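Remarks on the structure that follows.
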Amino acid sequence: MPMWETKGAIIMALLHVGPVEFIYYWFHRALHHHFLYSRYHSHHHASIVTEPITAVIHPFVETLAYFLLFSIPMLIPIYMGYGSVLGVVLYLAYNDFINNMGRCNFELLPKWIFQRFPPVKYLMYTPSYHSLHHTKFRTNYSLAMPIYDYIFNTMDKSTDELYERTLIGTEETPDVVHLTHMTTLQSTYHLRVGIASVASRPSDNHVWYMWMIWPMACLSMVLAWVYGSSAFVVESLKLKKIMMQTWVIPRYNFQYSLIRERESINRLIEQAI
């Protein structure tokens, strides 16, 4: 296969918007029938409050069905002679990102995107959209494009309101804070929102595919260096009435040894304190 094929990418996108999203909608809706729900899909819905890992918690039969469904946009362009390596990689990355994003329980998409480009609301879901599916069960069945919920009248009426309220948020002051900083360039992927298999073995860097994510690791370092103007929360736990959080200073080990970085690092620490 060639590295890139524009026609194949277009075909892949159309196949996802059309057959994949449509079939997923009706398959997902069928899974909520009491017969299938009690035997299969209820396992996934045990997570009322979702996390990114919830995206891959399914019984084997469901996982197999999703695997076959998501292979359609990759296999058909290859069969037609328009497949490409980068097209397959980007489609897999898109699926992983969109599934994790929808279950992360905080909004990544700013409001202005939907205001300036209203059709986006039909082609891109939000975490608040999917959270309603896990709390109300009978609405918001679409995979990542709510267009079919609008067409078949299963869109939860409180979706937009919840999105607005989520953006405003509520300010909570933690009782306990663990202030730390990033270590190696690959430490980002040891977080729970990174790669699950890597996060489960934080002291083991000898994974064969780790070298493949070095470009992304370097990019995340540059972004943290340029835009990291304050500590950020990577984990928040609540034990009865006690809230505990882990805050990370957006600087890596090697940056602490740079004289020119000392002032900015001290400022970040003081600001966090």
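The values are calculated or read from the model by the stated rules, or taken from the named source; none is laboratory data. On a predicted model such as this, the values are computed, not experimentally measured, just so you know. Cβ coordinates were reconstructed from backbone atoms using ideal geometry, including for glycine residues, and neighbour counts include every protein chain displayed.
Scanning for something more than 26 Å from ILE151 (Cα to Cα), surrounded by 14 or more Cβ atoms within 10 Å (Cβ to Cβ) and modelled with pLDDT of 95 or more, does the range 48-56 turn up at least one residue?
For the range 48-56, residues more than 26 Å from ILE151 (Cα to Cα), surrounded by 14 or more Cβ atoms within 10 Å (Cβ to Cβ) and modelled with pLDDT of 95 or more: absent.
Do we find that PHE117 is within 19 Å of the chain's Cα centre (by Cα) and either within 15 Å of VAL20 (Cα to Cα) or among the hydrophobic types (A, V, I, L, M, F, W, C) (or both) in this structure?
So PHE117 fails the test.
Please go through the range 66-122 and pick out each residue that is touching a residue at least 12 places away in the same chain (Cβ under 8 Å), over 27 Å from THR6 (Cβ atoms) and among the hydrophobic types (A, V, I, L, M, F, W, C).
CYS104, PHE106, LEU108
With (1) touching a Gly at 6+ places or on another chain (Cβ under 6 Å); (2) assigned by TED's automatic domain parsing to the domain that holds ASN99 as the list, and ILE53 as the residue in question, which single condition is left unmet?
Tallying (1) touching a Gly at 6+ places or on another chain (Cβ under 6 Å); (2) assigned by TED's automatic domain parsing to the domain that holds ASN99, ILE53 fails exactly one: (1).
Considering every residue within the range 51-62, establish whether at least one is under 22 Å from HIS134 (Cα atoms), charged (D, E, K, R) and under 23 Å from the mean Cα position of the chain (by Cα).
There is at least one residue in the range 51-62 that is under 22 Å from HIS134 (Cα atoms), charged (D, E, K, R) and under 23 Å from the mean Cα position of the chain (by Cα).
So ILE10 fits all but one of (1) modelled with pLDDT of 95 or more; (2) under 22 Å from the mean Cα position of the chain (by Cα); (3) surrounded by fewer than 17 Cβ atoms within 10 Å (Cβ to Cβ); what number is the exception?
For ILE10, the exception is condition (2).
Run down VAL226, VAL248, VAL222 and say which single residue is modelled with pLDDT under 90 and in contact with a Ser or Thr (Cβ under 7 Å, 6 or more places away or on another chain).
Result: VAL248 is the single residue among VAL226, VAL248, VAL222 that is modelled with pLDDT under 90 and in contact with a Ser or Thr (Cβ under 7 Å, 6 or more places away or on another chain).
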